[in-house]
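To start, the structure itself, in structure tokens.
The values are calculated or read from the model by the stated rules, or taken from the named source; none is laboratory data. Small disclaimer: the values here were computed from a predicted structure and weren't measured. Every residue, glycine among them, receives a Cβ derived from its backbone with ideal geometry; neighbour counts consider all protein chains shown. Just the protein is used for accessible areas: all its heavy atoms, side chains included, with ligands, DNA and RNA removed. Shrake-Rupley method; radii C 1.70, N 1.55, O 1.52, S 1.80 Å.
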Amino acid sequence: TCIEDVFVKTRRCSAMTYELSAEITCLQLKGDEIRVTLLDSAGAHVCTLGQSWQKVSGITEWHPDHPVLYTLRTELIREGEVRDVLDTRFGFREAVFKADGFYLNGKKFKLRGLNHHQSYPYVGYAMPESMQKYDAEILKKELGVNAVRTSHYPQSQHFINACDEQGLLVFTEIPGWQHIGDDSW
């Protein structure tokens, strides 16, 4: 038995109140329980979630200038014993494109970004976690961008996580765009 995946969904109600839900994919046996807990950026308990959308107040929104991340802890429990745990880090944020521009958390926001390929000279994609994090740091601190588009293939999860931590918005492109659709498409 194990937790395979957790997909966190949020809906903004106001600046400090969101609704939160999670799609959990598990391999579990009859009688196993799932416990889902929201932790703040310091690891303190915020609330325990039920099965459907739940309102959470008093949160701090994620923003490129202050990238606050929360953790959704999902535990698989059998006979009172925790058998598996999966922590999912995320930020409460609302990103919307309107006719007059991009809005982040209800306020118009100017995107300054670039494209990211993760192929490095002489090593290709074989870069360690430290270099993936360093790439995000260069984008944010040296180049001064607030957004990045990933290119044509799944990027390192270390890079994506570092973008969340550094305060970079990420547009993840679908992998293999040249193979999508038929001739008429």
Where the only charges are on Cβ atoms (+1 Lys, Arg; -1 Asp, Glu), what is the dipole of segment 65-185 about its Cα centre, to the nearest 20 debye? 540 debye
Within segment 20-93: Cβ-based charge dipole about Cα centre, in debye rounded to nearest 20 (Lys, Arg +1; Asp, Glu -1): 120 debye
Simple spin-label model, 7 Å along Cα-to-Cβ: Tyr103 to Ile174 in nm? 2.7 nm
Can you tell which of Glu23, Glu75, Glu61 shows the greatest fluctuation in a Gaussian network model of the chain with Cα springs below 10 Å? Glu23
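Using a 1.4 angstrom probe with every protein chain in place, what is the largest-first accessible-area order of Cys163, Cys13, Cys2?
Numbers: Cys163 0, Cys13 65, Cys2 45 Å².
Result of the area sort, largest leading: Cys13, Cys2, Cys163.
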Mind scanning Lys110/Lys141; Lys110/Lys140; Lys9/Lys141; Lys107/Lys141; Lys9/Lys98; Lys55/Lys140 and naming the pairs with a C-alpha gap bigger than 25 Å? Lys9/Lys141; Lys55/Lys140
Lys/Arg Cβ at +1, Asp/Glu Cβ at -1, dipole of the chain taken about the Cα centre: which of Gly144, Gly181, Ser130 is farthest positive-ward? Gly144
Quick one, which of [x] 14.6; [y] 12.9; [z] 11.0 is the actual mean projected area of the Cα convex hull in nm² calculated for this model? [x]
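Pop out the carbon and sulfur fraction of the accessible area of segment 1-135 as a percent, whole number, probe 1.4 Å. Write down the numbers at each step before the final one.
Working: 4120 of 8270 Å².
That fraction is 50 percent.
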Per DSSP H run of at least 4 residues, take -39500 (n - 2.57); add these up for the chain, divide by its residues and hand me the 222 nm value, nearest 500 deg cm²/dmol. -3000 deg cm²/dmol
Which residue fluctuates the most in the chain, going by a Gaussian network model with Cα springs under 10 Å, if the choices are Lys107, Lys30, Lys140? Lys30
Of the candidates Leu104, Trp62, Leu29, the farthest towards the positive dipole end of segment 1-119 (Lys/Arg Cβ +1, Asp/Glu Cβ -1, centred on the Cα centre) is Leu104
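Tell me the per residue accessible area of the chain using a 1.4 Å probe; a whole number in Å² is fine.
Working: 11210 Å² over 185 residues.
It amounts to 61 Å² per residue over the chain.
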Connecting C-alpha atoms closer than 10 Å in a GNM of the chain, tell me which of Ile174, Ile138, Ile160 has the biggest fluctuation. Ile174
Could you give me D for segment 59-168, from Stokes-Einstein at 10 °C and 1.306 mPa s, where the hydrodynamic radius is the Kirkwood radius over C-alpha pairs? Units µm² s⁻¹, please. 99 µm²/s
In angstroms, what radius of gyration and Dmax does segment 19-97 have, counting Cα atoms only? 14.1, 47
